[in-house]
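A.B. asks: Got a structure here, written out as structure tokens. Questions coming.
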Amino acid sequence: MKTFLSNHTYLLILMLWMTASTQAQTLLIPDRVFDGEEMHSGWVVAVAENKIVYAGPENGLKRANSYKRIDLGGTTLMPGIIEGHSHLLLHPYNETEWNDQVLKESPTERAIRGVVHAKKSLMAGITTMRDLGSEGAGYTDVYLKKTIDDGIIPGPRLLVAGPAIVATGAYGPKGFHDGVTVPLGAVPVSGRDEAIKEVRTQMGNGANLIKIYADYRWKTGESSQPTFLQEEIDAMVAAATTAGRYVVAHASTPEGMRRAILGGVETIEHGDGGTMEIFQLMKAKKVAFCPTLAAGDATEQYKGWKKDTEPDTDRIIQKKKSFKLALESGVDIVFGGDVGVFPHGENYREMELMVEYGIQPIKVLQSATSVNARVLHLEGLGQIQNDFLADIIAVEGDPSQNIKQMEKVRFVMKDGVIYKNE
Ligand SMILES: [Zn+2]
């Protein structure tokens, strides 16, 4: 039996190690760098292994020649996009209505679709995604996350909510007589005890955060009404925060939003009926707002609204109005479009609508990177800065001048690995 490696073998291993470490050092050379806060012309970004090790003018980088150079001429380099509200397990409702996805597509089919959606998202520059509910597919989101983390399939870093929690009787699919049992889009609970137990069950099964529905339409076609009592929301938030997790709330009525805010949720999703008073309360309580403009825009078009030729529908008018109030209040805006309602990989729709509804492009870019990293507790992500993780994308042109450039993602690196370089 041979105990020692020969000198020759040692030398070979040393050479291989040196080659590997050199190749893992990459110098990215775009036209400009958006660092998560502002734009810098003429910067380069150096990456070693999975970390950013330098961002600045090339003449400030020591041993620049030791890096493998990647020319990204004509592009803006920026942190990977952090999608704040997705459903990897849904696909557009104009392909298959939500009810039919929940009732007729098996969790297996939905998982397979989810694999495709995850790859599309990553290739569109989404390197992190907060997925807010499997919508009837149980813990499939947890398993998608696991297989991405294990390197089995390509996809964004995921934060997942699991099945989400609704008040008994409030959620769909609806329209069946009381003798028919149908799979629901989330888990129903009533009362403090059930609510606490479900929060713990979901965390135990791998949910990174808890999503609750603070209001919903009790009957198809009706407007939304509050669902949970204040004490139920308080209990769910307490059960989650004691475990180091947090709660987010679907809410679009002022009262639903108010209860969720007072209960201590961290973000409000949708908020269509938000008033100035409510947004100011959010601001005071440091609750962030994820407006999901693209979901409303898509569903109104599915219902027949001809966006280019017809005036805004009532829902769109209301959405623009409440979004303006949110901006005036100074509440943190989370970039999150509710993608899945519309095609995965078209996350940029939300950015374009944010600009259309009144935010400057640079603020949209901040929201999708540094702001979302802060609000979603993602340390080491969302900025191009020394020691941050190498989640980096490059898009054609300058998206701070024209947000539509976000449709043209040419380069994607996640955790130091290049997934796209066109
Ligand atoms: Zn959603």
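The values are calculated or read from the model by the stated rules, or taken from the named source; none is laboratory data. Owing to the predicted nature of the structure, the values given are computational and were not obtained by experimental measurement. Backbone-built Cβ (ideal geometry, glycine too); neighbour counts: all protein chains shown. For the accessible areas, the whole protein counts, side chains as well, though only heavy atoms, and no ligand, DNA or RNA atoms are used. Shrake-Rupley method; radii C 1.70, N 1.55, O 1.52, S 1.80 Å.
A.B. asks: With θ set to phi - 60° and the Karplus curve 6.51 cos²θ - 1.76 cosθ + 1.60, what are the ³J(HN,Hα) couplings of region 286-295 in order, to the nearest whole Hz, using x for Gly and Pro?
C.D. replies: 6, 9, 8, 10, 10, x, 6, 4, 5, 5
A.B. asks: Compute the signed sum of charges (Lys and Arg +1, Asp and Glu -1) over the other residues within less than 11 Å, Cβ to Cβ, of ALA298. Don't skip to the answer; put the middle values down first.
C.D. replies: Working: positive: LYS303, LYS307, ARG349; negative: ASP297, GLU300, ASP338, GLU346, GLU350.
Summing Lys/Arg as +1 and Asp/Glu as -1 gives -2.
A.B. asks: Quick one: net charge of ILE29's neighbours, Cβ under 14 Å, K/R +1, D/E -1? Let's see the in-between values first.
C.D. replies: Numbers: positive: ARG32, LYS68, ARG69, ARG410; negative: ASP31, GLU58, ASP71.
With Lys, Arg at +1 and Asp, Glu at -1, the net is +1.
A.B. asks: Pairs to check: LYS283/LYS319; LYS211/LYS404; LYS119/LYS306; LYS51/LYS420; LYS120/LYS319. Give those whose C-alpha atoms are more than 22 Å from each other in this structure.
C.D. replies: On the way: LYS283/LYS319 19 Å; LYS211/LYS404 31 Å; LYS119/LYS306 31 Å; LYS51/LYS420 18 Å; LYS120/LYS319 28 Å.
Violating the 22 Å limit, Cα to Cα: LYS211/LYS404; LYS119/LYS306; LYS120/LYS319.
A.B. asks: Can I ask one more? For the chain, which whole-number percentage of the solvent-accessible area (1.4 Å probe, protein heavy atoms only) is attributable to carbon and sulfur atoms?
C.D. replies: Carbon-and-sulfur percentage of accessible area, whole number: 52.
A.B. asks: Please identify, among SER223, SER400, SER121, the residue showing maximal mean-square fluctuation in a Gaussian network model of the chain using a 10 angstrom Cα cutoff.
C.D. replies: SER223
A.B. asks: Under a Cβ-only charge scheme (Lys and Arg +1, Asp and Glu -1), can you give me the dipole magnitude of the chain about the Cα centre, in debye to the nearest 20? Each step should come with its number before you reach the end.
C.D. replies: Numbers: 45 positive and 53 negative charges, 178 e Å.
Roughly 860 debye, rounded to the nearest 20.
A.B. asks: For GLU97 and HIS177 in one chain, what is 0.36 nm times their gap in residues minus the Cα-Cα distance, to one decimal in nm? Display every interim value, and only then the final one.
C.D. replies: Numbers: separation 80, 0.36 × 80 = 28.80 nm, distance 2.00 nm.
Fully extending the segment from GLU97 to HIS177 adds 26.8 nm.
A.B. asks: Separate question: Mind telling me which of ASP31, ASP308, ASP391 comes out most flexible in a GNM of the chain, alpha-carbon contacts under 10 Å?
C.D. replies: Among ASP31, ASP308, ASP391, the largest mean-square fluctuation in the Gaussian network model of the chain belongs to ASP308.
A.B. asks: Okay, next question. Please say if region 148-251 is rounded, prolate or oblate, where rounded means a/c under 1.5 for a ≥ b ≥ c the square roots of the C-alpha gyration tensor eigenvalues, and otherwise the choice is prolate for a/b larger than b/c and oblate otherwise?
C.D. replies: On the way: a/c = 2.02, a/b = 1.36, b/c = 1.49.
It comes out oblate by the Cα gyration axes.
A.B. asks: Any idea of ARG349's accessible area? Nearest 10 Å², probe 1.4 Å.
C.D. replies: It works out to around 70 Å².
A.B. asks: For THR108 and TRP218, calculate 0.36 nm times their separation in residues minus their Cα-Cα distance, and state this gained length in nm to one decimal.
C.D. replies: Working: separation 110, 0.36 × 110 = 39.60 nm, distance 2.93 nm.
My answer for the length gained is 36.7 nm.
A.B. asks: Can you give the accessible area per residue of the chain, in Å², using a 1.4 Å probe? Can you show the working numbers first?
C.D. replies: Working: 18680 Å² over 422 residues.
Spelled out: the 1.4 Å probe surface of the chain, per residue, equals 44 Å².
A.B. asks: Next question, about the same structure. Can you tell me, using C-alpha contacts under 8 Å and at least 6 residues apart, the relative contact order of the chain as a whole percent? List each step's numbers first, then the result.
C.D. replies: Values: 931 pairs, mean separation 79.6, N = 422.
Reported relative contact order: 19 percent.
A.B. asks: Moving to a separate point now. For region 229-330, count the residues as N, evaluate 2.2 N^0.38 Å, and divide the Cα radius of gyration by that value, please.
C.D. replies: On the way: Rg = 15.2 Å, N = 102, 2.2 N^0.38 = 12.8 Å.
For region 229-330, the normalised Cα radius of gyration comes out at 1.19.
A.B. asks: List residues of region 28-43, by number, whose backbone nitrogen lies under 14 Å from a label position 7 Å along Cα→C-beta of ASN59.
C.D. replies: Correct set: 42-43.
A.B. asks: Same structure again: Can you give the extra length, in nm with one decimal, that the chain gains between VAL116 and GLU231 once fully stretched, where that is 0.36 nm per residue apart less the Cα-Cα distance? Intermediate results must be reported in sequence, preceding the final value.
C.D. replies: Details: separation 115, 0.36 × 115 = 41.40 nm, distance 4.01 nm.
Taking 0.36 nm per residue and subtracting the Cα distance, the gain is 37.4 nm.
A.B. asks: Looking at the square roots a ≥ b ≥ c of the eigenvalues of the Cα gyration tensor of region 306-412, which shape do they give, rounded for a/c under 1.5, prolate if a/b is larger than b/c, or oblate?
C.D. replies: Working: a/c = 2.08, a/b = 1.49, b/c = 1.40.
It is prolate, given that a/c is not under 1.5 and a/b is the larger ratio.
A.B. asks: Quick one: grab the alpha carbon gyration tensor of region 81-378, order the square roots of its eigenvalues as a ≥ b ≥ c, and give me rounded if a/c is under 1.5, else prolate or oblate depending on whether a/b is larger than b/c.
C.D. replies: Working: a/c = 1.17, a/b = 1.08, b/c = 1.09.
It is rounded, given that a/c, with a ≥ b ≥ c, falls under 1.5.
A.B. asks: May I ask you to derive the relative contact order of region 247-326, considering only C-alpha pairs under 8 Å and at least 6 residues apart, and to give it as an integer percent? Don't skip to the end; give the middle numbers.
C.D. replies: Working: 105 pairs, mean separation 23.6, N = 80.
Reported relative contact order: 30 percent.
A.B. asks: Within a Cβ distance under 12 Å of LEU122, other residues only, what is the Lys/Arg minus Asp/Glu net charge? Walk me through the numbers before you get to the answer.
C.D. replies: Working: positive: LYS119, LYS120, ARG157, LYS414, LYS420; negative: GLU83, ASP391, ASP415.
Summing Lys and Arg as +1 and Asp and Glu as -1 gives +2.
A.B. asks: Given the options ALA243, PRO173, ILE210, identify the residue whose Cα lies farthest towards the positive end of the charge dipole of region 81-378 (+1 on Cβ of Lys, Arg; -1 on Cβ of Asp, Glu).
C.D. replies: ALA243
A.B. asks: Select from SER86, LEU61, THR127 the residue farthest towards the positive end of the dipole of the chain; place +1 on Cβ of Lys and Arg, -1 on Cβ of Asp and Glu, and compute about the Cα centre.
C.D. replies: LEU61
A.B. asks: Please find, in a Gaussian network model of the chain (springs between Cα atoms separated by less than 10 Å), the residue of THR309, THR220, THR147 whose mean-square fluctuation is greatest.
C.D. replies: THR309
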